[in-house]
Amino acid sequence: MTTQASENTDNKSADNKSTSSSQYTQALQRQDNRFIHPWENMSDLGTNKRTIVTKADGIYVYDSEGNKLIDGPAGMWCVNVGYGRQEIADAMAKQAIEMPYFSPFSMGAMPSSVLAEKLAELAPGDLNHVFFTTGGSTAVDAALRFLAFYNNVLGRPGKKHIISRQDAYHGSTLLSASVSGKARDKEFMDLEQDYIHLLSSPNPASRPDGTSVSQFCEARVKELEDKILEIGPDRVAGFIAEPILASGGVVIPPPGYHKACLEVCHRYDVLTISDEVVTAFGRLGHMFSSEAVFDIVPDLITCAKGLTSGYVPLGALLISDRLLEQLKGDEDETISFSNGFTYSGHPVSCAAALENIAILEREDILAHAREVAPYFLTQLSTLTDLDLVAEVRGVGLMASVVCAIPGKESLELDYEIGNRIDAHCQRLGLLVRPVYHMCVMSPPLIITRAQIDDMVLILREGIGLATDDLRAEGFWD
Ligand SMILES: Cc1ncc(COP(=O)(O)O)c(C=O)c1O
């Protein structure tokens with residue numbers, strides 16, 4: 001028991017501590033306001049009071065005030081093996097000492113060659129060649145540039161059109177943003193439009209009343225075929241699709257959709273790009289999901305994120321041997337794919353990727369992900385008894401808790417809902433990723449059942465408190 005005097009002293013030192021920690025946080029926030037974050041709202045620039053995360057371990061991150069938070073989105077769908085992996089840090093440090101960098105333009109370098117071979121071994125079908133990039137956007141960009149290159153070399157310069165889908169997110173370079181389909185991201189931004197076409201979202205929830213899921217699937221596949229025929233098959237180069245539309249709110253296309261789309265594309269000599277930036281390296285319980293989950297072998301696969309579990313940037317474009325074979329030309333011809341980066345196959349990134357893949361294999365994390373995924377989805381689905389929760393959907397370790405006020409829909413309201421849930425959950429110890437009115441959850445793959453329980457409990461309380469706020473503030477009649 002403490003005496004009154006010592007209690008006062010303790011309180012004082014606790015006060016001092018919290019004052020100095022909040023001064024520390026304020027100083028960090030001031031510095032952070034120099035950082036133009038992705039999707040920065042210009043009217044908040046310079047006045048943001050962002051939480052500053054300072055360390056992380058397992059599935060948790062800690063902010064500058066010492067608060068421990070479950071990382072619900074695993075960073076940005078990427079910290080698959082969890083934080084604090086000494087083995088990855090050691091592999092990176094060893095590589096940095098041995099050879100931090102070498103130009104990929106002329107010579108081969110360790111360990112990018114080893115990683116290329118490893119990815120070829122893990123990838124489906126004959127996708128046995130790898131073009132390394134610096135992240136997901138540059139992998140998608142490289143895939144799209146490759147399609148144009150491929151058709152130019154084959155003497156079909158008019159075969160350039162790309163088909164994508166609404167709700168898709170493929171990145172932030174000019175080309176990868178142009179094939180993205182989130183309408184709200186297009187305001188104020190210039191994009192390529194002349195040869196990019198967006199189909200409707202394959203979200204079964206959007207099907208008209210009285211339409212079955214399989215009828216909906218047929219209609220969406222027919223839309224693809226109709227679009228190819230409308231543009232002309234000799235003018236369509238490719239179809240790009242995320243297996244699950246991730247940032248669009250974990251949109252799960254109907255069963256058989258991807259296979260049927262692939263068949264249509266094959267029929268018209270249209271190449272397929274499976275954008276596995278989110279779904280590769282375990283998020284759906286497999287190294288790659290295209291074949292293992294959706295029974296398709298696309299012509300190209302893009303990946304990034306879980307490739308290094310986010311420890312360091314790296315992306316990759318996997319290309320089918322069949323395509324590359326056609327580009328060889330005559331012996332005396334030089335046909336060069338003039339695309340590449342100073343940091344293509346960066347040694348430190350590749351060392352991190354190799355160790356990350358070794359961890360996934362050694363600890364059988366994919367089996368763990370497959371094992372806990374049904375529990376994750378069942379537990380999240382219990383939230384549908386809350387007034388604000390309209391739908392919970394997910395597959396593997398990615399899910400979206402869709403919130404809505406019955407009978408009301410607007411962008412402003414979507415932000416109000418998402419931001420309130422986000423703020424309450426964070427105070428309670430959970431980071432969610434609010435995508436408008438959806439809470440997207442994609443925790444590190446190492447999450448346990450007990451941690452899933454903690455996560456869902458906080459989400460329940462956070463959504464409940466947000467509901468109270470929305471009612472009190474008159475958003476709910
Ligand atoms: C499916 C998909 N493709 C591409 C990207 C872009 O990747 P990056 O942010 O690494 O450039 C993302 C990012 O979230 C993504 O979800």
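At-a-glance table
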| item | result |
| --- | --- |
| Farthest positive-ward along the stretch 350-392 dipole, Cα basis, beta-carbon charges - from ALA367, THR382, VAL392 | ALA367 |
| For LYS408, residues with placed amide H under 5 Å, excluding near neighbours | none |
| Spatially proximal lysines relative to LYS222 (Cα-Cα < 19 Å; intrachain offsets below 8 disregarded) | LYS259 |
| Length-normalised contact order of the chain in % [C-alpha pairs under 8 Å, at least 6 apart] | 19 percent |
| Equivalent ellipsoid, the stretch 229-332 (semi-axes from 5 times Cα gyration tensor eigenvalues, Å) | 25, 20, 12 |
| Residue-averaged [θ]222 nm for the chain, counting only DSSP H segments that reach four residues, each worth -39500 (n - 2.57) | -13000 deg cm²/dmol |
| Within the chain: Cβ-based charge dipole about Cα centre, in debye rounded to nearest 20 (Lys, Arg +1; Asp, Glu -1) | 440 debye |
| The stretch 271-326: equivalent-ellipsoid semi-axes (sqrt of 5 x gyration tensor eigenvalues, Cα, Å) | 20, 15, 7 |
| Share of Cα-Cα pairs in the stretch 288-385 lying beyond 20 Å, as whole percent | 60 percent |
| C-alpha long axis of helix 365-381 to longest principal axis of the chain, angle in ° | 60 degrees |
| Spatial separation of Cα centroids for the stretch 450-464 and the stretch 116-154, in angstrom | 40 Å |
| Where Rh is the Kirkwood radius over Cα pairs, Rg/Rh for the chain | 1.00 |
| Reciprocal mean inverse distance between Cα atoms of the stretch 133-214 - Kirkwood radius, Å | 14.2 Å |
| Size of charge dipole - the stretch 61-175 - debye, nearest 20, with Cβ of Lys, Arg +1 and Asp, Glu -1, no other charges | 620 debye |
| HN-Hα J in Hz across the stretch 335-349 - Karplus 6.51, -1.76, 1.60, θ = phi - 60°, x for Gly and Pro | 10, 10, 7, 7, 8, x, 10, 3, 9, 4, x, 3, x, 5, 5 |
| Convex hull of Cα atoms in the stretch 354-477, direction-averaged projection (nm²) | 8.1 nm² |
| 5 Å binning of all Cα-Cα separations within the stretch 121-171, expressed as whole percents from 0 upward | 5, 16, 18, 22, 24, 13, 2 |
| Between the stretch 41-83 and the stretch 279-358, the Cα center-to-center distance that results, in Å | 28 Å |
| Extreme residue, positive dipole direction of the chain, given options VAL114, PHE294, LEU318 (C-beta unit charges) | VAL114 |
| Hz values of 3J(HN,Hα) by residue in the stretch 449-460 - Karplus curve (6.51, -1.76, 1.60), Gly and Pro given as x | 4, 4, 5, 5, 4, 4, 4, 5, 4, 5, 4, 4 |
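Bear in mind that the values in this text are calculations on the coordinates, not laboratory data. None of the values given here were measured: they were computed from a predicted structure. Reconstructed Cβ throughout: ideal geometry from the backbone, glycine too, with neighbour counts over all protein chains shown.
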